[in-house]
């Protein structure tokens, strides 16, 4: 049995749609929607200062959360570098009156390419895990 107050809280819970995450070297902001109706992601580290929107952002639902991936670098015949943010479902109050901070992993994946795009011998991808934290909130667009 729930009280009136707890029912009111439950009724005002929504899934966060905006995340501002960082560590000492990387800053990522992600909104699953925007005024234009498409997702937005900004990525900044010592090597890259990039903005992505719409189809440039690949979002896949998985058992471990939402996998949000962007391509940071694509150099033909050399390498492709992607960044994937792993986001769990985060419930927040609709009015954002109670801040929710989260800690999530991200993966920087490097796929080496040979001349002509032919596969290389050995491991086809390398991974670097990063940990990011910051606020999750619900924004109305």
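The values are calculated or read from the model by the stated rules, or taken from the named source; none is laboratory data. None of the values given here were measured: they were computed from a predicted structure. Here the Cβ positions follow ideal geometry from the backbone for every residue, glycine too, while neighbour counts run over all protein chains shown.
The figures follow:
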read-out	value
For residue 55: the one exception among (1) within 15 Å of the chain's Cα centre (by Cα); (2) farther than 26 Å from residue 113 by Cβ; (3) loosely packed, with under 10 Cβ neighbours inside 10 Å	(2)
Enumeration of residues in the stretch 73-107 that are within 13 Å of the chain's Cα centre (by Cα), free of Cβ contacts under 8 Å to residues at least 60 places away in the same chain and in a strand (DSSP E or B)	82, 83, 84, 86, 103, 105, 107
Subset of the stretch 101-118 that is at pLDDT below 95 and surrounded by 10 or more Cβ atoms within 10 Å (Cβ to Cβ) - its residue that is nearest to residue 32 (Cα to Cα)	111
Residue among 60, 28, 68 that is part of a strand (DSSP E or B), under 15 Å from the mean Cα position of the chain (by Cα) and more than 17 Å from residue 134 (Cβ to Cβ)	60
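This table checks each residue for (1) touching a helix residue (DSSP H, G or I) at 6+ places or on another chain (Cβ under 7 Å); (2) in a helix (DSSP H, G or I); (3) more than 19 Å from residue 103 (Cα to Cα).
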position: 21; (1), (2), (3): no, no, no
position: 35; (1), (2), (3): no, no, yes
position: 42; (1), (2), (3): no, no, no
position: 47; (1), (2), (3): no, no, yes
position: 55; (1), (2), (3): no, yes, yes
